[in-house]
Amino acid sequence: MANESTVSAANPAPLGLAGFALTTILLNIHNAGLYPLSVMIMGMGVFYGGIAQLIAGIMEFKRGNTFGTVAFVSYGAFWLSLVFIWAMPLTGLPAADPLSMGFYLAIWGVFSFAMFIGTLKGKTIGKLVFGSLVILFALLAAANFTGSHAIHTMAGIEGIICGAFALYEAAAVVINEKFGREVLPM
């Protein structure tokens, strides 16, 4: 058995980014109006957007990466809480109204803005992921506050772009590490 101090840990960022990316893209295809909300999105939200990001965040903690820990644990918890909000009315709990959902999404936008500030000393792709996430939460909050279908559709399109940035970053980290050089610029 190898001595634990000689075993290097894998980079958990691509796992967390992929969990965020794929779940965000699928939800925002719905937000753009292509299909209804379904158990498919909720399943992705719990298992890949939620649990996989929580695992990635815990792994980032072990690596001493505060930003990665806070980002992945927080957005993993976001996905779990969002699915809870959607599912719990089926048990008799009151559903979230548009005003409360607007504030829920707005506060996540504020948090995302703080995280965006943390990306300013990092790579361009991180700025694109978090900058577009701030815009996404702002649009989703505005859609809930106003009831505007047009804003909700715009949010869906912007969310697909945000998810695509995160998917690119996940792929770039894996591919660049595998090739031992920068194949995909970040």
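Descriptive notes on the structure:
- Segment F67-K121, length gained on full extension (0.36 nm per residue, minus Cα span): 18.3 nm
- Solvent-accessible surface (1.4 angstrom probe) belonging to V129, in square angstrom, nearest 10: 0
- Surface listing: L26, L82 arranged by accessible area from highest to lowest gives L26, L82, probe 1.4 Å.
- Rel. contact order, % - alpha carbon contacts under 8 angstrom, at least six apart, the chain: 28
- Surface share of carbon and sulfur [accessible, 1.4 angstrom probe, percent] for the chain: 74
- Positive-pole candidate from S112, A77, A96, dipole of the chain, charges at beta carbon: S112
- Solvent-accessible heavy-atom area per residue, rounded to whole Å², over the chain at 1.4 Å: 53
- Ranked from largest to smallest solvent-accessible area, with a 1.4 Å probe on the protein heavy atoms, S100, S112, S74, S8 come out as S8, S100, S74, S112.
- The charge dipole of region 109-183, taken about its Cα centre with unit charges on the Cβ atoms of Lys, Arg (+1), Asp and Glu (-1) only, comes to about 180 debye.
- Distance between modelled label sites at S74 and A150, nm, 7 Å Cα→Cβ extension: 3.2
- Gaussian network model of the chain, springs between alpha carbon atoms under 10 Å - residue of P94, P14, P36 with greatest fluctuation: P94
- Using just its DSSP H runs of length 4 or more, each adding -39500 (n - 2.57), the chain gives a mean residue ellipticity at 222 nm of -24500 deg cm²/dmol after division by all residues.
- Rounded accessible area of K127 (nearest 10 Å², 1.4 Å probe): 60
- Among the DSSP helices (H) of the chain, those spanning at least 24 angstrom by Cα along their long axis with an average Kyte-Doolittle hydropathy of -1.0 or more are 13-31, 66-87, 98-119, 124-146, 149-179; this is a geometric and hydropathy rule only.
- Cross-link partners of K62 among aspartates and glutamates (Cα-Cα below 17 Å; sequence separation of 8 or more within a chain): E4
- Accessible area per residue (1.4 Å probe, heavy atoms of protein chains only) ranks Y168, Y104, Y75 as Y168, Y104, Y75, with the largest value leading.
The values are calculated or read from the model by the stated rules, or taken from the named source; none is laboratory data. It should be emphasised that the depicted structure is a prediction, and the values quoted were computed from it without experimental measurement. So basically every Cβ, Gly included, is an ideal-geometry build from the backbone, and we count neighbours across all protein chains shown. SASA here: full protein model, heavy atoms, side chains in, ligands and nucleic acids out. Shrake-Rupley method; radii C 1.70, N 1.55, O 1.52, S 1.80 Å.
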